[in-house]
Amino acid sequence: MSVLKMRSKLKGEQGFTLIELVVVMAVLALLAGLVVPRFANILADSGERVDQANIEMLNNACDLYETNEGETVTDLNQLVEGNYVREIPNKPGTEEPYTLADLGRGEPGGP
């Protein structure tokens with residue numbers, strides 16, 4: 001079948017040429033190349049921000065406990081028992097809960 005016969009058959013049909021499709025694919029690839037690295041950086045920074053927010057929240061709860069109870073916090077579970085926090089959060093990326101040492105309020109490895 002010749003090209004002219006094919007053209008006359010397809011004359012009423014609309015479609016995209018191969019070049020148009022390749023151009024669209026190139027534009028999409030370029031946009032993806034710009035967006036994906038930025039998104040990856042946002043995810044990496046989020047763990048740090050969560051850690052900072054958790055530490056600030058726990059320090060504020062410790063200060064409030066010490067003000068109300070008149071004694072120093074020796075274990076973060078005191079905050080849960082006193083209803084200052086619902087639960088002690090885990091450090092981002094681990095399953096370990098925060099300790100007083102993480103807050104700068106105790107000796108590493110101790111209460």
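The values are calculated or read from the model by the stated rules, or taken from the named source; none is laboratory data. Quick caveat: nothing in here was measured; it's all calculated off a predicted structure. Please note: Cβ atoms are built from the backbone with ideal geometry, for glycine as well, and neighbour counts cover all protein chains shown. The area values use the complete protein model at the heavy-atom level, side chains included, leaving out ligands, DNA and RNA. Shrake-Rupley method; radii C 1.70, N 1.55, O 1.52, S 1.80 Å.
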query = Could you list, in sequence order, the residues of the stretch 79-98 that are surrounded by 17 or more Cβ atoms within 10 Å (Cβ to Cβ) and over 15 Å from Ala53 (Cα atoms)?
reply = Leu79, Tyr84
task = Considering only residues that are among the acidic types (Asp, Glu) and without any contact (Cβ under 8 Å) to a residue 24 or more places away in the chain, look in the stretch 75-111 and name the one that is farthest from Ser46 (Cα to Cα).
result = Glu81
ask   = Just one of the numbered conditions (1) over 20 Å from Pro97 (Cα atoms); (2) within 30 Å of the chain's Cα centre (by Cα); (3) modelled with pLDDT of 90 or more is not true of Arg38; which one?
value = (3)
inquiry  = I need the full set of residues from the stretch 73-101 which are among the hydroxyl-bearing types (Ser, Thr, Tyr) and closer than 15 Å to Asn60 by Cβ, in order please.
reply    = Tyr84, Tyr98
task = Give Thr72, Thr67 a once-over and let me know the one that is over 24 Å from Asp45 (Cβ atoms), open to solvent by 70 Å² or more (accessible area, probe 1.4 Å) and in contact with an Asp or Glu (Cβ under 7 Å, 6 or more places away or on another chain).
result = Thr72
